[in-house]
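What follows is a single structure, written as structure tokens, with notes after it.
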Amino acid sequence: MITRIVYPSALEYWLFEKGIPYRYWNTGKGAPGEEKQTGRTSITEIVGRLNFTTPVHVAVPRTTNRQHTKTIIYHALPKALPKNSFIQITDNVLISSPEMCFLQAALTLPLHQLVKLACELCAIYVPDSYEEYGQRSREQITSVSNIRDYLLKATGARGVKKAKEAIQYASDRANSPMEVNLATIAALPICHGGFGTKKMLLNNDVLLSESGAAHLGRESCCCDIVWPEEKVVLEYDSNLSHLSRQQHAKDKARITALSLSGYKVFSVTADDLKSYGRIEALFLLVRSALGMRTHNDRMEKNLDKRIRVVNAIMFSVAKKTW
């Protein structure tokens, strides 16, 4: 007897989980109905054991009586689903894969929030209130390429066109919520409320020049956000004022080593990102460093939308947007 937990409950699992040994479940056709479903009492017991927020969203065959309760909301999913749509987390519980969650989210989220979600799903951190900085490291649960491949197989699915557009602007390996935010507004095209920068890499090692390596004492260093071809780096530090002198010295040495290696480095703190005006000033400088012309009429035309989108991404109180 199988229970299938689907979006948005599945998304809660992937974004806030406590550890994930898992494997894709590709037995049968991949849609509800090929196996006997778990009874309502059993579903309640299962979701309670897995500590989901209620109501929990569960997939059932189309022929099933789908009478919602306070704790369970039932969904009928399409019969044809791509491979890797579900992941097995216990013997009798399947959950929508991160890739499938992203496709389902395209039905409800605006484009900018969908790009942000992709960055979160492809990140190398997870929120954890027990850790000092409210997060901990983890391996990626999916990647931009995995999501893109899944969407290519989801021909005709509802929301797939929007999902394909959004994944173009997403980045792998964000290591903090602020990196997610910065990557999202940097990559979004101007017409969609972003700053339309070129493709970037997050938390990527860059090779230093001989002089840069000699200064830092190693041949490479990891950059928060980097445009490698243009040699532009954006570094974010949320706790600069609280760093020790030793850490200050290390950060300064990294920036110097990158500069000696021909990189243009923009180093920002939370104080530098407290208003829309400061954020726009930063990204206009970044665009200039990337060799991108800034058409004032185009920027002005989309100003209202950009203010709304940037404020929604950067300043909205952290909450479930899905």
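The values are calculated or read from the model by the stated rules, or taken from the named source; none is laboratory data. No experiment lies behind these values; they were computed from the predicted model shown. Every residue, glycine as well, gets a Cβ built from its backbone with ideal geometry; the counts of neighbours run over all protein chains shown.
For segment 75-127, what are the residues that are acidic (Asp, Glu) and over 20 Å from ASN181 (Cβ atoms)? Result: ASP91, GLU99. Determine, yes or no, whether ALA118 is of a type in the set (A, V, I, L, M, F, W, C), under 18 Å from PHE86 (Cα atoms) and modelled with pLDDT of 95 or more. When the stated conditions are applied, ALA118 passes them.
Among the conditions (1) under 27 Å from the mean Cα position of the chain (by Cα); (2) at positive phi, the only one that LEU303 does not satisfy is (2). Restricted to strands (runs of 3 or more DSSP E) entirely inside segment 52-140, those with at least 3 residues that are closer than 25 Å to LYS153 by Cα are 56-59, 86-90, 93-96. Of the residues examined, GLU165 is one that is farther than 19 Å from LEU11 by Cβ and touching a helix residue (DSSP H, G or I) at 6+ places or on another chain (Cβ under 8 Å). I'd like to check something: does segment 186-198 contain any residue that is among the polar types (S, T, N, Q), outside the structural domain of ASN302 (by TED's automatic domain parsing) and part of a loop (DSSP other than H, G, I, E, B)? No, every residue in segment 186-198 fails to be among the polar types (S, T, N, Q), outside the structural domain of ASN302 (by TED's automatic domain parsing) and part of a loop (DSSP other than H, G, I, E, B). Test HIS215 against the criterion of being exposed (fewer than 13 other Cβ atoms within 10 Å of the Cβ) and not hydrophobic (A, V, I, L, M, F, W, C), and give yes or no. Judged against the criteria, HIS215 is not a match. Could you check segment 128-150 and list, in sequence order, the residues that are surrounded by fewer than 14 Cβ atoms within 10 Å (Cβ to Cβ) and more than 12 Å from GLU99 (Cα to Cα)? Across segment 128-150, the qualifying residues are SER129, TYR130, GLU131, GLU132, TYR133, GLY134, ARG136, SER137, GLU139. The one condition from (1) more than 23 Å from MET200 (Cα to Cα); (2) outside the structural domain of TYR13 (by TED's automatic domain parsing); (3) surrounded by fewer than 19 Cβ atoms within 10 Å (Cβ to Cβ) that HIS68 does not meet is (2). Among the residues of segment 219-226, is there at least one that is of a type in the set (Ser, Thr, Tyr), free of Cβ contacts under 8 Å to residues at least 40 places away in the same chain, in a loop (DSSP other than H, G, I, E, B) and more than 22 Å from VAL115 (Cβ to Cβ)? Checked against the condition, which is being of a type in the set (Ser, Thr, Tyr), free of Cβ contacts under 8 Å to residues at least 40 places away in the same chain, in a loop (DSSP other than H, G, I, E, B) and more than 22 Å from VAL115 (Cβ to Cβ), segment 219-226 yields no hits at all.
Taken as a whole, the structure leaves ASN203 outside the set of residues that are touching a residue at least 40 places away in the same chain (Cβ under 8 Å), within 17 Å of CYS119 (Cα to Cα) and not in a strand (DSSP E or B).
Taking the listed residues VAL144, VAL115, the one that is under 20 Å from MET314 (Cα atoms) and not aromatic (Phe, Trp, Tyr) is VAL115, with no other qualifying. For GLU210, the conditions (1) closer than 19 Å to GLY262 by Cβ; (2) surrounded by 15 or more Cβ atoms within 10 Å (Cβ to Cβ) all hold with the exception of (2). Scanning segment 259-283 for residues that are surrounded by 14 or more Cβ atoms within 10 Å (Cβ to Cβ), over 24 Å from the mean Cα position of the chain (by Cα) and closer than 24 Å to GLU300 by Cβ yields no hits at all. Sub-8 Å Cβ pairs linking a first residue in segment 167-184 that is in contact (Cβ under 8 Å) with a residue 12 or more places away in the chain and crowded, with 24+ Cβ neighbours inside 10 Å to a second residue that is β-branched (Val, Ile, Thr) and part of a loop (DSSP other than H, G, I, E, B), at least 6 apart or interchain, are ALA174/ILE124, ordered by first then second residue.
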